[in-house]
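Encoded as C-alpha cells, the structure appears first; notes follow it.
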Amino acid sequence: MESGNYSQVTEFILLGFSADPSVQLLLFQIFLILYVITAAGNLLLIVAVRSDCRLHNSMYIFLANLSFLDICFTSITVPNMLVNFLREKKRISYEGCLIQVYGFLLLGETECILLAFMAYDRYVAISNPLRYNVIMKTTVCVRMIGASWLTGGIISSVDLYFLYQLTYCGFTTIDHFFCEAPSLMRLSCNDHFILSVIKVVGSLILLITPLSCILYSYTHIILAVLKIQSRRYKAFSTCISHLIIVILFYGSAIIMYMKPEDSGHLSDKLLAVFYTSITPMMNPIIYSLRNKDVQGAIQNLWRSAIMSKPVLHITSLVVTE
C-alpha cells in the first residue's frame, strides 16, 4: 500500500440520507427519539445493576457492560449525525473522521466478542446451574470483559493503521451518514482487491467466529430449555428474543462488511441504522428490562426517588426556619 498523504485530504463531506430539508428535519426527530430511548434505557439498566446487590453477579455485570458499550457506540455516530441533519454542508475533518472510525471499530469489535462471552455465560447457567457460581465467578467475568476490550482495542488499532495508509487522490465525498471503514475503502485510490481481502479476513475473525460460538451456545441452551417441564415457554421465548437481537446485529454487520464493493450505497445506510441505532435501543429491553430482578431493582430506585423528595422538602423547611 502507498503511505498515507495527510496533505491531500483535510476534510470529508458526508452526503447523509437526503438533501431535502423537510426529510432531514423528520429524520432528525426520529433519530433523536431513538437516541434518547437508547441512552435512557441503557443508563437505567447500569444504575439498577449498580444499586441493587442482588444483581451483583456475572450475568448482570455483563449486561451492564453491554449497556455502557451501547451508549458509547451510539454516541460515536448519532450526535454528529443529528447535528448534520441541521447543517447544509455536512463536513467532518480528516482527524475527526479517523477518530470516529476508530471509536466505532473499537466499540463494535468489543461488543462482538462480549456477546459471545455472554452467550457462554447463559450456556453455563442453563447447562450447569449447580456449578454456575463456581465456574462464572466475578473474577472470571471481569477477565472476560477485560479480554473483550483488549482484543477489540488491538484489532481496531490494526484496522486504523491500514486505514491511515489509504490515499484519496482528492476524493472527499462519502456517501454515508458517518465515517465507516468500508466507505473510506471505497473512496480510496488504493488497490481495492487487497482492501477487500483485508476486510473479509477481518470480518471472518470478528463477526463469523463469535457468531458461530453464539449459535453453538444457544443451540445447546434451547435443547436444554426444551427438557425443562416448568416455565418452558417463558425460557424459550427469552432465548429466541436474544437470538433475534444477535442476528439483527451480526447479520447487518456481516452483510455490510462482506458484501461486494459495488453494492448500493443506500443499502449501506439502511444496514448501518440497524447496528448503530436499532439494536443498541433494543438490547436493554430484550436482555434485561423484562427480567423480574431488574424490574424489582428499577421499582426500588423509583420508590427511593419518590421517598427522597418529601425528606428533602422537610429538610429545606427546617433549614429555612
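Brief remarks on what is shown
- Entry for Rg and Dmax of the Cα atoms in Å (calculated from the structure that is shown) out of (i) 21.4, 73; (ii) 22.3, 78; (iii) 21.4, 78: (ii)
- Extension gain, R87 to F171, is 28.1 nm, computed as 0.36 nm per intervening residue step minus the present C-alpha separation.
- The helix-based estimate of mean residue ellipticity at 222 nm for the chain, built from -39,500 (n - 2.57) per DSSP H run of four or more residues and divided by its residue count, is -25000 deg cm²/dmol to the nearest 500.
- Stretch gain in nm, segment S51-V134, where the contour uses 0.36 nm per residue and the Cα spacing is subtracted: 27.5 nm
- Approximate spin-label separation R303-L270, in nm, with each point projected 7 Å along Cα-to-Cβ: 4.8
- Number of Lys pairs (Cα under 21 Å; 8 or more positions apart or on different chains) in the chain: 6
- The chain: relative contact order in percent, alpha carbon pairs under 8 Å with at least 6 residues between: 28
- Residue-count net charge about K269 - beta-carbon cut-off 11 Å; Lys, Arg +1, Asp, Glu -1: -3
- By the combined test of axial Cα extent (at least 27 Å) and Kyte-Doolittle hydropathy (mean at least 0.5), the qualifying DSSP H helices of the chain come to 21-51, 58-85, 94-127, 138-164, 232-258.
The numbers here are math on the coordinates, done by the rules we state, and not lab data. Just so it is clear, the model here is predicted, and its values are computed rather than measured. Don't worry about glycine lacking a Cβ; one is built from the backbone with ideal geometry, like all the others, and counts go over all protein chains shown.
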